[in-house]
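K.L.:
Dumping the structure here so I can ask a few things about it.
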Amino acid sequence: MEYRELYAETERRLREAGCDSPAFDAVCLLEDVGGLPRGTSPRLNARTVPADKERAVRAAAAARAAGRPLQYILGNWEFLTLTLSVGEGVLIPRPDTELLCEAAAARLPLVPGGDAPRVLDLCAGSGCVGLGLCSLYPAAAVTAVELSDEAFVYLKENTARYPAYRVWPIQADVLADGERFGGVYQAVLANPPYIPAAELPSLMREVRREPRMALDGGDGLVFYRVIARVWAAKLCPGGFCAVEVGAGQAAAVAALFEEVGLTGLEILEDLGGIQRVVVGWRK
């Protein structure tokens, strides 16, 4: 079978299965699983697919058609300039979260001690926030906190993949272990679970394959209350707390920050116009 034929078969299978982006997914599978050289148009490629690669693409397409996230099938996913290891048990890095890294990198020079800042990355998952920040602001030293055993494997793997960045994985519970962390920090960052539990059953089937621990935010604000009350207290004077939030949550999270004395509140929109990041500053 030729690559162009395998592409057409794969794209059709994914489209009929209801995948949102069948053409993109098919290209990714042919490149990453089928050995198609990147930048080559699969629609025009008349090369013969090696038999083992053909079988592998068909198996991967079957998994994708059944709802397994593309990122889990490929095993790696890009975030900013990074390539991160992902799989079952860890939240998939998303472009929305890049805004959190960019916001933090833009504000660290304004903080006392910002030339060598200490940063907390809470609910770190794959490590995308801490590593993403360091890719933009290499002077940062990040403590990445994650509870899940499964996600912690990926956090350690990804931090080891980028040894030039100072990101240290710590396994701990953001909701219960705040007292374990002493000292002061120039920034506290988090992309915590924020989807209300009642909304989880209505999520897209691919999202429902991601770990519930990384999605379930109780009433949506459980983690933000603890971040505001416990973790923001670790900020140095002039430091900031920046968190990713779900659609419609920014005002409530900003109010929680205001209750604990954070000032200069900022609400940043993502490329889709959704209020996605809330920033508060310690006096």
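K.L.:
What residue, of Ala164, Ala160, is at pLDDT 95 or above, assigned to a loop (DSSP other than H, G, I, E, B) and surrounded by fewer than 16 Cβ atoms within 10 Å (Cβ to Cβ)? Spell out how you get there, then give the answer.
P.N.:
Values: Ala160 fails: assigned to a loop (DSSP other than H, G, I, E, B).
Only one candidate qualifies: Ala164.
K.L.:
Among the listed residues Arg225, Arg212, which satisfies the condition of being within 21 Å of Glu179 (Cβ to Cβ), without any contact (Cβ under 8 Å) to a residue 60 or more places away in the chain and of a type in the set (Lys, Arg)?
P.N.:
Numbers: Arg212 fails: within 21 Å of Glu179 (Cβ to Cβ).
Testing whether each residue is within 21 Å of Glu179 (Cβ to Cβ), without any contact (Cβ under 8 Å) to a residue 60 or more places away in the chain and of a type in the set (Lys, Arg) leaves just Arg225.
K.L.:
Just for region 46-55: of the residues that are touching a Leu at 6+ places or on another chain (Cβ under 9 Å) and in a loop (DSSP other than H, G, I, E, B), which one is modelled with the highest pLDDT? Lay out the reasoning, then the answer.
P.N.:
So the first thing to find is which residues in region 46-55 are touching a Leu at 6+ places or on another chain (Cβ under 9 Å), and the list is 47, 49, 53-54.
Now restrict to residues that are in a loop (DSSP other than H, G, I, E, B): 47, 49.
Values: Arg47: 91, Val49: 94.
Ranking the qualifying residues of region 46-55, first place goes to Val49.
K.L.:
Oh, and also: In this structure, is Gly220 more than 15 Å from the chain's Cα centre (by Cα), exposed (fewer than 15 other Cβ atoms within 10 Å of the Cβ) and at positive phi? Give the steps one after another, and end with the answer.
P.N.:
Values: more than 15 Å from the chain's Cα centre (by Cα): yes; exposed (fewer than 15 other Cβ atoms within 10 Å of the Cβ): no; at positive phi: yes.
The answer is no for Gly220.
K.L.:
Something else: Any idea which of Val278, Val226 is assigned to a helix (DSSP H, G or I), touching a Leu at 6+ places or on another chain (Cβ under 9 Å) and of a type in the set (Val, Ile, Thr)? Even if it seems obvious, please write down each step before you answer.
P.N.:
Values: Val278 fails: assigned to a helix (DSSP H, G or I).
On inspection, the qualifying residue turns out to be Val226.
K.L.:
State which residue is farthest from Phe24 (Cα to Cα) when the search covers only region 52-91 and only residues that are touching a Phe, Trp or Tyr at 6+ places or on another chain (Cβ under 9 Å) and among the polar types (S, T, N, Q).
P.N.:
Ser85
K.L.:
Only one of these is in contact (Cβ under 8 Å) with a residue 24 or more places away in the chain, over 21 Å from Gly114 (Cα atoms) and either touching a strand residue (DSSP E or B) at 6+ places or on another chain (Cβ under 9 Å) or surrounded by 13 or more Cβ atoms within 10 Å (Cβ to Cβ) (or both): Tyr185, Tyr194. Name it.
P.N.:
Result of the check over Tyr185, Tyr194: Tyr194.
K.L.:
Filter region 237-275 for residues that are in a loop (DSSP other than H, G, I, E, B) and among the small types (Gly, Ala, Ser) and give the result.
P.N.:
First, pick out the residues of region 237-275 that are in a loop (DSSP other than H, G, I, E, B): 245-249, 260-262, 270-274.
Matches in region 237-275: Gly246, Ala247, Gly248, Gly261, Gly272, Gly273.
K.L.:
A further question follows. Which condition breaks for Glu179 when tested against (1) more than 14 Å from the chain's Cα centre (by Cα); (2) part of a helix (DSSP H, G or I); (3) modelled with pLDDT of 95 or more?
P.N.:
(3) is the only condition that Glu179 fails.
K.L.:
Just checking, does region 239-254 include any residue being buried (at least 20 other Cβ atoms within 10 Å of the Cβ), under 22 Å from Ala214 (Cβ atoms), at pLDDT 95 or above and touching a Ser or Thr at 6+ places or on another chain (Cβ under 8 Å)?
P.N.:
Scanning region 239-254, I find at least one residue that is buried (at least 20 other Cβ atoms within 10 Å of the Cβ), under 22 Å from Ala214 (Cβ atoms), at pLDDT 95 or above and touching a Ser or Thr at 6+ places or on another chain (Cβ under 8 Å), so the answer is yes.
K.L.:
Same structure again: All but one of (1) assigned to a loop (DSSP other than H, G, I, E, B); (2) over 30 Å from Gly127 (Cβ atoms); (3) not aromatic (Phe, Trp, Tyr) hold for Gly39; which doesn't?
P.N.:
(2)
K.L.:
Still on this structure, please answer the following. For Thr81, only one of the following conditions fails: (1) surrounded by 13 or more Cβ atoms within 10 Å (Cβ to Cβ); (2) farther than 23 Å from Thr10 by Cα. What is its number?
P.N.:
(1)
K.L.:
Restricting attention to region 5-45, and to residues there that are modelled with pLDDT under 95 and among the basic types (Lys, Arg), which single residue is surrounded by the most Cβ atoms within 10 Å (Cβ to Cβ)?
P.N.:
That would be Arg43.
K.L.:
If you scan region 130-160, which residues turn out to be of a type in the set (Ser, Thr, Tyr) and under 15 Å from the mean Cα position of the chain (by Cα)?
P.N.:
Quick first cut of region 130-160, residues of a type in the set (Ser, Thr, Tyr) only: 135, 137, 143, 148, 154, 159.
Within region 130-160, Ser135, Ser148, Tyr154, Thr159 meet the criteria.
K.L.:
Name the residue, out of Arg64, Arg43, Arg94, that is touching a residue at least 40 places away in the same chain (Cβ under 8 Å) and of a type in the set (D, E, K, R). Walk me through how you get there before you give the answer.
P.N.:
On the way: Arg43 fails: touching a residue at least 40 places away in the same chain (Cβ under 8 Å); Arg94 fails: touching a residue at least 40 places away in the same chain (Cβ under 8 Å).
Result of the check over Arg64, Arg43, Arg94: Arg64.
The values are calculated or read from the model by the stated rules, or taken from the named source; none is laboratory data. Please read all numbers here as calculations on a predicted model, not as lab measurements. Because the Cβ atoms are built from the backbone with ideal geometry, glycine has one as well, and the counts that use them run over all protein chains shown.
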